[in-house]
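What follows is calculated from the coordinates using simple rules that are stated; it is not laboratory data. Not measured: the values here are computed from a predicted model. Here Cβ is always computed from backbone atoms with ideal geometry, including for glycine, and neighbour counts include all displayed protein chains.
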Amino acid sequence: MCGIVGFAGKDGAKEKVIDGLKRLEYRGYDSAGIALPINGKIEIRKHVGEIANLEKIIQDDDFDSSIGIGHTRWATHGAPSDVNSHPHANRDNSIAIVHNGIIENYIELKAWLSSDYGIKFKSDTDSEVIAHLIGIYYDGDLHQAVNKAVEQMRGAYAIAAIAADEPDKIVAVRKDAPLVAGQGDGFNFIASDIPAMLKYVRSVYFIENNETVVLTKDSIRIYNEEGKIVKRELYHVSWNADAAEKDGYDHFMMKEIHEQPKAIEETLVRRLNPDDSINLDGISMTKEDLEQFNKIYIVACGTAYHAGLVGKLTIERMAAIPVEVDVASEFRYREPFIDDKTLFIAISQSGETLDTLEALREAKKKGARVLSVVNVVGSSVARESDDVFYTWAGPEIAVASTKAYTTQLICMYLIALYMGRTKGLVDDTRYESILSELKALPAKVESILNNKKKIESIARKYYKREKVFFVGRGLDSGVSFEGSLKLKEISYINSFAIAAGELKHGTIALMEEDALVFALATQDFLYEKMVSNVKEIAARGARIIGVAKEGRKELAEITDEVIYIPEADDIVTPVLAVVPLQLFAYYVAKERGCNIDKPKNLAKSVTVE
Ligand code: AGP
């Protein structure tokens, strides 16, 4: 999604803003720009394409400023172009803004501004409306002008605005799009996300919905909707700066695949007490709350939804509560049955996916208790939930989610174990055995990663295939959907996942010589059934790659290759089975020369509907 950056300091705003924009590139964008107040006017430089294009056009500028704002745009209204890039200005260039989000009533605002104020719009964007709105209300006080402007706007927005006549001040406001303020020594930042400022500051304020920030080089003042100053705790960011770098890997995605053992361990240990009981710090849900739930919804998008598919089976199996999993964009509009006995679990890596956020709000409105599984501390989903289980995966930069997925699975297991044990359905023996299985996962994932050359050679053999299927049963079915999404989104191959038992109801018609099929057979109690499915597929000439636990030799006799994963209890094998699929997708995309970390048309966090 779009990224915004603002800097207020003694000088050098141009470099700090450009640097901040570069740190936000991972959010996905199609153009970039900056605005600086210079001698009573605002200089705007913006260009479609990469930030490097913007740097080219400003390298000859001999001006700089003490404050500035910048933007990386991911087009929602108006095609990618120079004129549609941000920042946008009002008609006399005395106000400039950058915006992340969507102004839903921009068409009526444009009509009103054109008819009543004779304003001529330059761009096709919704965002330009904001600059003109602030412009008509500006009378020397930018803060008040922004307040008046946002009163007329509907939609989602994180905005930063500057005025030529107040060249020491940035005013920012947020509603349903992320915004963070960073405190430096003699300078301050405002941005969509922490990496934009991590090189310069470690102490940040998370800005809440409907709050406004007035930022100068010496102060960060946060105001609530009533215009009252808000006292907010500073959050200390513990990531090291290069956590957002690649650590020597060719791509963030490979780095993050290799971070999974550590991320899994971190997520696990932070939730275990010395006596191996589950630590519920920050969770206000009580045993009594738990016992009154008679239904659970797990709602998410994309990879997070696939983690929910695994969560459903594990929670039902351990806690005997019916669990329904749904994609957020469907859940919101299907009148779900919710009351105060419903637990709503939102899963989101970014914590800013608007579909998931709106689904959470819908559930909350109807009385559900909301527990979220989120990777970004202080993100909107986290802040709007009653309780949060954080995944401790660290920043996930690659658009294709990997370590967030496996740590989301860990949270699903912990929630299932806690519920099952609290309800007396998981006895000590079962509890201890599953916990030891979870603790053994980092080393087992490591051993799969050490075997990645085999997966690379399989990818080299099959990277030209245009028909790739992923099939499985039970927990393997959910993992198949994740494997297929990984391949689709970074190699652009038209991949397809289906429950293996469903093949005979139509899809098996596609099984021919040109098909490549990943057959996941890690569930012991379904293994025989999977062997028969594989035989049916093989009989039609498709190439088959099996994924199974070590020692399952029958599969090797009826497939072209088998990728073995270490022995483990059925219930935790999704964490292991997904790793070869992540690696396969990565190597295929690499062979195909695709942009692995920033696939075309995709964004790291989809903060629009
Ligand atoms: C996953 O690889 C994709 N990038 C995408 O499906 C993602 O999982 C989805 O947009 C949900 O994002 P979230 O977890 O940040 O809510």
* **Cα Rg, Dmax, region 325-475, angstrom units** => 18.5, 53
* Once Rh for region 393-482 is found with the Kirkwood sum over Cα pairs, what is the Stokes-Einstein diffusion coefficient at 20 °C and 1.002 mPa s, in µm²/s? -> 133 µm²/s
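With the convex hull built on the Cα atoms of the chain, state its orientation-averaged projected area in nm². Intermediate values should be presented prior to the final figure.
Numbers: hull surface 111.4 nm².
Its Cα hull, projected and averaged over all orientations, spans 27.8 nm².
For region 553-609, what class follows from the C-alpha gyration tensor (a ≥ b ≥ c being the square roots of its eigenvalues): rounded when a/c is under 1.5, otherwise prolate if a/b is larger than b/c, else oblate?
Details: a/c = 3.57, a/b = 1.71, b/c = 2.09.
In terms of gyration-tensor shape, oblate.
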* **Dipole axis of region 421-560 (+1 Lys, Arg; -1 Asp, Glu on Cβ), positive-most option in ALA556, TYR527, ASN450** => ASN450
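Could you give the Stokes-Einstein D for region 136-248 in µm² per second, using the C-alpha Kirkwood radius, 37 °C, 0.692 mPa s? Could you put the intermediate results ahead of the total?
Working: Rh = 14.8 Å.
Once the numbers are plugged in, D ends up at 222 µm²/s.
May I ask you to sort ASP126, ASP60, ASP250, ASP476 by Cβ crowding, counting other Cβ atoms within 10 Å and putting the fewest first? Could you put the intermediate results ahead of the total?
Values: ASP126 23, ASP60 6, ASP250 12, ASP476 28.
Sorted ascending by nearby Cβ count, the order is ASP60, ASP250, ASP126, ASP476.
Can you give the Kirkwood hydrodynamic radius for region 21-167, in Å, rounded to one decimal and based on Cα pairs? Write down the numbers at each step before the final one.
Working: mean 1/r = 0.0654 Å⁻¹.
Mean inverse Cα-Cα distance, inverted, gives 15.3 Å.
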* Have a look at THR573, SER81, VAL171 and report the one farthest towards the positive end of the charge dipole of the chain, computed about the Cα centre with Cβ charges (Lys/Arg +1, Asp/Glu -1). => THR573
* How do TYR106, TYR333 rank when sorted from fewest to most other Cβ atoms within 10 Å of their own Cβ? -> TYR333, TYR106
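Under 9 Å from the Cβ of LEU343, count the other residues' Cβ atoms, weight Lys and Arg +1, Asp and Glu -1, and hand me the total. Numbers along the way, then the final one.
On the way: positive: LYS295, LYS341, ARG369; negative: ASP289.
Its environment carries a net charge of +2.
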* State to the nearest 20 debye the size of the charge dipole of region 381-496 about its Cα centre, where the only charges are +1 on K and R beta carbons and -1 on D and E beta carbons. => 820 debye
* Determine, for region 199-320, the count of lysine pairs separated by eight or more sequence positions (or lying on different chains) whose alpha-carbon distance falls under 23 Å. => 10
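Beyond 12 Å, what percent of the Cα pairs of region 155-209 remain?
On the way: 952 of 1485 pairs.
Above the 12 Å cut-off, region 155-209 has 64 percent of its Cα pairs.
With n ≥ 4 as the cut-off for DSSP H runs, can you work out [θ] at 222 nm for the chain, using -39500 (n - 2.57) per run divided by the number of residues, rounded to the nearest 500? Numbers along the way, then the final one.
Details: 19 runs with 219 residues, N = 609.
That comes out to -11000 deg cm²/dmol.
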* Roughly how many whole Å is it from the C-alpha centroid of region 554-604 to that of region 181-230? -> 41 Å
* To do: Take the alpha carbon atoms of region 394-465, find their center, do the same for region 466-543, and report the distance between the two centers in whole angstrom.
  => 20 Å
* Structure fact -> For ILE57, the net charge from surrounding residues (Cβ-Cβ under 14 Å; K, R +1; D, E -1) works out to -3
* Near LYS122, which lysines are there with a Cα under 21 Å away, not counting those fewer than 8 places off in the same chain? -> LYS41, LYS46, LYS110
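Going by average Cβ neighbours within 10 Å, how do the peptides 350-358, 365-373 rank, with the highest at the top?
Values: 350-358: 24.9, 365-373: 20.8.
Ranked by mean Cβ neighbours within 10 Å, highest first: 350-358, 365-373.
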* Tell me which residues come under 5 Å, amide H to amide H, from LYS467 once H is placed; ignore anything under 5 positions away on its chain. => LEU516
* To do: Treat the count of other C-beta atoms within 10 Å as a stand-in for reagent exposure and order LYS452, LYS464 from fewest to most.
  => LYS464, LYS452
* For helix 527-538, what angle does its Cα long axis make with the longest principal axis of the chain, in degrees from 0 to 90 and rounded to 10? -> 80 degrees
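With charges only on Cβ, +1 for K and R and -1 for D and E, what is the dipole size of the chain about its Cα centre, in debye, rounded to 20? Before the final figure, lay out the partial values.
Details: 75 positive and 92 negative charges, 171 e Å.
Rounded to the nearest 20 debye, it is 820 debye.
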